[in-house]
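To start, the structure itself, in structure tokens.
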Amino acid sequence: MEKSTLKLTKKIQVLIDLPTKEEKKEAIGKLYQWQNRCFKAANLIVSHLYVQEMIKDFFYLSEGIRYKLADEKKDEDGILQCSRINTTYRMMSDRFKGEIPMDILSCLNTSLIATFNKNKTEYWKGLRSLENFKRDMAFPFGSRCMSRLSYTTNKKAFCFRLFSIPFKTYLGKDFTDKRKLLERLEKGNIKLCTSHIQLKDGKIFWLAVFEIEKEKYRLMPEKIAEASLSLEYPIVVKTGKARLTIGTQEEFLYRRLAIQAARKRAQSGATYCKSGKGRKRKLKAADRFRNTESNYVSQRIHVYSRKLIDFCIKHQAGTLILLNQEDKIGIAKEEEFVLRNWSYYDLMTKIKYKAEKAGIELIID
């Protein structure tokens, strides 16, 4: 049976809500320590899981060696002293207990085991390599570790405590639905799932995962909308006699190329810029374009995918088919220009998410 809910992740900037600089510095140091221990633990976990899964292939071991991954108390051929899921948790507990809350390690362990089990067939066939976690990875925590979420009027922010560290949100102008989701969470109308804390560029982000109800529209599953994605027109969709072209080449591709050209000019001109404070000042003009292209592309594909789903809802199309995508992806891989400027994987990802949220079945041909 299809689930009536879906999980929605929102990136929310948070600030440590402590009065003095010394207290804030101590709290930030603690967060960085937890991030470091998670980075080490994650790489250890996937290594242990891989060895456990591949131990049967170690044919060069003695013939009398036992290799059944089971608790020796429950199975005479078992080689483990505990259940398999508990092996990595005990390993982390022995190494990092006292340096990081065990709830974080428990969430990390559960998540990595689920991901490993999902991909282990590809590991075994050599089609996929093990994940390699970086030092700036986000660390997870369960919803029970977060408490006292409420809106504080004098601070004009949502405040909460995470492992006894007080935080407050910074939403800025907030043109999205983050504020509404936090208000619903405070009232208990939606559920908070296992989320993450990310430390990046001196800022703290809360990657909040909300479980929300799917939007309900009057859709007819037998009514089909056919969409085609291309470089000339980002999206062309039709259902019955209705047809809609979303975006144009001039709007998307040419604007993107203009941003690339502007950045290249700024980089070339940096040679002749005044270097009063060294590299930072010389590259000041070029740095302005660092995220301009990615931000523009992200904004446009959000708009395009939203218009596509709105078209399906308006015409009550319960099924959306993306036509000939495999052929177009193959062509893009062969042509360097198209591959560099073709953002339709991101577009397909956002279409998939919005279609699931609206209850529309997506089929990729």
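The values are calculated or read from the model by the stated rules, or taken from the named source; none is laboratory data. These numbers were taken from a predicted model, which means no experiment stands behind them. Backbone-built Cβ (ideal geometry, glycine too); neighbour counts: all protein chains shown. For accessibility, only protein heavy atoms count, side chains too; no ligands or nucleic acids. Shrake-Rupley method; radii C 1.70, N 1.55, O 1.52, S 1.80 Å.
Any idea which of (1) exposed (fewer than 11 other Cβ atoms within 10 Å of the Cβ); (2) modelled with pLDDT of 70 or more is the one His48 doesn't satisfy?
(1)
For region 192-204, how many residues meet the condition of being exposed (fewer than 14 other Cβ atoms within 10 Å of the Cβ) and part of a strand (DSSP E or B)?
2
How many residues does region 215-252 contain that are touching a residue at least 60 places away in the same chain (Cβ under 8 Å) and closer than 16 Å to Arg306 by Cβ?
Residues meeting the conditions: 10.
Is it true that Leu207 is within 20 Å of the chain's Cα centre (by Cα), at pLDDT 90 or above and open to solvent by less than 20 Å² (accessible area, probe 1.4 Å)?
no
Whether any residue in region 80-98 is modelled with pLDDT under 75, open to solvent by 40 Å² or more (accessible area, probe 1.4 Å), in contact with a Phe, Trp or Tyr (Cβ under 7 Å, 6 or more places away or on another chain) and not in a helix (DSSP H, G or I) is what I want to check.
No: region 80-98 contains no residue that is modelled with pLDDT under 75, open to solvent by 40 Å² or more (accessible area, probe 1.4 Å), in contact with a Phe, Trp or Tyr (Cβ under 7 Å, 6 or more places away or on another chain) and not in a helix (DSSP H, G or I).
Can you find a residue that is part of a loop (DSSP other than H, G, I, E, B), within 21 Å of Thr239 (Cβ to Cβ) and either in contact (Cβ under 8 Å) with a residue 40 or more places away in the chain or open to solvent by less than 40 Å² (accessible area, probe 1.4 Å) (or both) anywhere in region 305-321? I'd like the intermediate steps shown before the answer.
Taking region 305-321 as the starting set, the residues that turn out to be part of a loop (DSSP other than H, G, I, E, B) are 315-316.
Now restrict to residues that are within 21 Å of Thr239 (Cβ to Cβ): 315-316.
If we keep only those that are either in contact (Cβ under 8 Å) with a residue 40 or more places away in the chain or open to solvent by less than 40 Å² (accessible area, probe 1.4 Å) (or both) too, we end up with 315-316.
There is at least one residue in region 305-321 that is part of a loop (DSSP other than H, G, I, E, B), within 21 Å of Thr239 (Cβ to Cβ) and either in contact (Cβ under 8 Å) with a residue 40 or more places away in the chain or open to solvent by less than 40 Å² (accessible area, probe 1.4 Å) (or both).
Please count how many residues of region 236-250 are surrounded by 14 or more Cβ atoms within 10 Å (Cβ to Cβ) and at pLDDT below 85.
1
Restricting region 251-276 to residues that are of a type in the set (S, T, N, Q) and exposed (fewer than 11 other Cβ atoms within 10 Å of the Cβ), which is modelled with the lowest pLDDT?
The residue in question is Thr271.
Can you tell me which residue among Leu127, Leu181 is open to solvent by 30 Å² or more (accessible area, probe 1.4 Å), hydrophobic (A, V, I, L, M, F, W, C) and over 23 Å from Asp201 (Cβ atoms)? Lay out the reasoning, then the answer.
Working: Leu181 fails: open to solvent by 30 Å² or more (accessible area, probe 1.4 Å).
Answer to the selection: Leu127.
Filter region 16-27 down to residues that are open to solvent by less than 70 Å² (accessible area, probe 1.4 Å) and not acidic (Asp, Glu), then give me how many there are.
Selection size over region 16-27: 4.
Among the residues that make up region 277-287, is at least one of them in contact (Cβ under 8 Å) with a residue 24 or more places away in the chain, surrounded by 15 or more Cβ atoms within 10 Å (Cβ to Cβ) and not polar (S, T, N, Q)?
So far as region 277-287 goes, no, none of its residues is in contact (Cβ under 8 Å) with a residue 24 or more places away in the chain, surrounded by 15 or more Cβ atoms within 10 Å (Cβ to Cβ) and not polar (S, T, N, Q).
Every residue, every condition in (1) basic (Lys, Arg); (2) free of Cβ contacts under 8 Å to residues at least 40 places away in the same chain; (3) in contact with a strand residue (DSSP E or B) (Cβ under 9 Å, 6 or more places away or on another chain); (4) under 23 Å from Ser4 (Cβ atoms), yes or no:
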position	(1), (2), (3), (4)
Pro166	no, no, yes, no
Leu171	no, no, yes, no
Arg179	yes, yes, yes, no
Leu185	no, yes, yes, yes
Leu192	no, no, yes, yes
Gln198	no, no, yes, no
Asp201	no, yes, no, no
Leu207	no, no, yes, no
Glu211	no, no, yes, yes
